[in-house]
1. Roughly how big is region B:1-77's charge dipole about its Cα centre, with Cβ charges of +1 (Lys, Arg) and -1 (Asp, Glu), in debye to the nearest 20?
2. Could you point to the residue in A:Thr207, B:Tyr95, A:Leu86 farthest towards the positive end of the protein assembly as shown's charge dipole, with +1 and -1 charges on the Cβ of Lys/Arg and Asp/Glu respectively?
3. With a point put 7 Å past each Cα toward its Cβ, work out how far B:Asn114 is from B:Arg196 in nm, to one decimal.
4. Of the listed peptides B:133-142, B:40-49, B:112-121, what is their order by residue-averaged count of other C-beta atoms within 10 Å, with the highest listed first?
5. To the nearest Å, what is the center-to-center distance of region B:156-198 and region A:10-69, using C-alpha atoms only?
6. Cα to Cα, under 16 Å, and not fewer than 8 places away if on the same chain: which lysines meet these conditions relative to A:Lys92?
7. How shielded is B:71-77 by partner chains, expressed as the average number of their Cβ atoms within 10 Å of its Cβ atoms?
8. How much of the pair distance distribution for chain A lies past 32 Å, counting alpha-carbon pairs only, in percent?
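Since every read-out is calculated from the coordinates, none of them should be taken as a lab result. What you are looking at is a predicted structure, and each value in this text was computed from that prediction instead of being measured. For neighbour counting, all protein chains shown are included, and Cβ atoms are generated from backbone atoms with ideal geometry for every residue, glycine included.
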Amino acid sequence: MGDSAYSFSLTTFSRTGKLLQIEYALNAVANGRTSLGICAKDGVVIATDKKLSSSLVDLDQVSKIQKINEGSGFVYSGLGPDYRVLVRKARKSAQSYHLQYREHKPVSQLVKSTASVMQEYTQSGGVRPFGVSLLVAGIDADANKTPRLYQVDPSGAYFAWKATAVGKNYINAKNFLEKRYQDDMELEDAIHTALLTLREGFEGEMTKDNIEVGIVSQTDGKFRVLTPDQIQDYLDETS
Amino acid sequence: MSILEYNGAAIIAMSGKNCVGIACDKRLGAQAQTVSCDFRKVFQYNKTFVGLAGLATDVQTMSSLLKFRKSLYELREEREMSPKVLSNLLSNLLYEKRFGPYFIEPVVAGLDENNEPFLSGMDLIGAPVYTDDFVVTGTATANMYGMCETLYKKDMEPEELFETLSQALLASVDRDALSGWGATVHIVTKDGIITRELKARQD
């Protein structure tokens, strides 16, 4: 990273004050498959469309939603390989934290350190920004165990959301969510709403095998990815 | 003489009913000579107290290092460090110097988020032990173990805990040349911390 020939940053300011590499990275994200998240009062749900270019692709080997530590999970829109690097770094950072403090790294801290890594790649020699926006779900370490949903962008900026979407069609998805979102929503309702929102922008038929759903509930604070059978139960309820 | 006995110290921490107490002597010596009768060995980090016995320079360095780490944690995480986390952090900091250790043997005492007592002690390279009754460290540990084992009862109220802790420490340091010259006792309850200075034999 940044050997002598490339010790200057490739992300430089334009005359208008923009960092074009980051703008282009956001374009890469907007071309990616839709991902969304909803923060309920007793948990968080994240979901994504994992349809790929050909029906010959073995879909159950594709895993976009990843657990980072006991209490947090990621999903993304954008470049898969870039995402996998971030997941690896986040998992290592969460384990280092646990080694130091013997406590699980809180989701807010995980977001800060991941965002910090993404920012580094906009200001280091010889590297390009990550072409992903992450959605991070977890239960906070505060006294109320507040459920949290964060979005982290290629620039390293992060935002906490009540509900949001990234990737293709994100504007329509966010409008849909804005209409349906309620502050006192429960996790079960949030999962249904997430599935309905995904279905809105879905090309073709949405089945248990071409989407992925991850949830974390306030009751046990553990992040888990739903199995296709569990997704089927929810799909049956929504139709 | 061992490096851990160069300056002299005696620290006891005990648990009571929804409270903890920690007491230390105040002597700082250079082997046989007494240099100060006012040397603090117990440091406060919110509701957690850390008692550091051993080489005085390392006592001071480690107390500063812990303050540094605790402050950063509170700023980043926007919450207080619980005693268990502080104890694990300390254990890690000590093991990082496994082959050139800090010459201190700490004890950690505090109340956690649910106001339950927490006690731990560790050796100079960070091996922790967690107990629910008492932990001791310093140059008079043999005396202190004897006194604590005899005087300790479960679920003491703060006032009784203070008496027990004080008697245990005073009797222990009286038979140890390297510790004594007064004592400080802190009792931590959910309502606050009471600190008392003990008048003791000045020898």
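1. 260 debye
2. Comparing the listed Cα positions along the dipole, A:Leu86 ranks first.
3. About 3.0 nm, to one decimal.
4. Listed from highest to lowest mean packing, they are B:133-142, B:40-49, B:112-121.
5. After rounding, the separation between the Cα centres reads 59 Å.
6. The qualifying lysines are A:Lys67, A:Lys105, A:Lys112.
7. Mean shielding by partner chains, rounded to a whole number: 2.
8. Result: 20 percent of Cα pairs exceed 32 Å.
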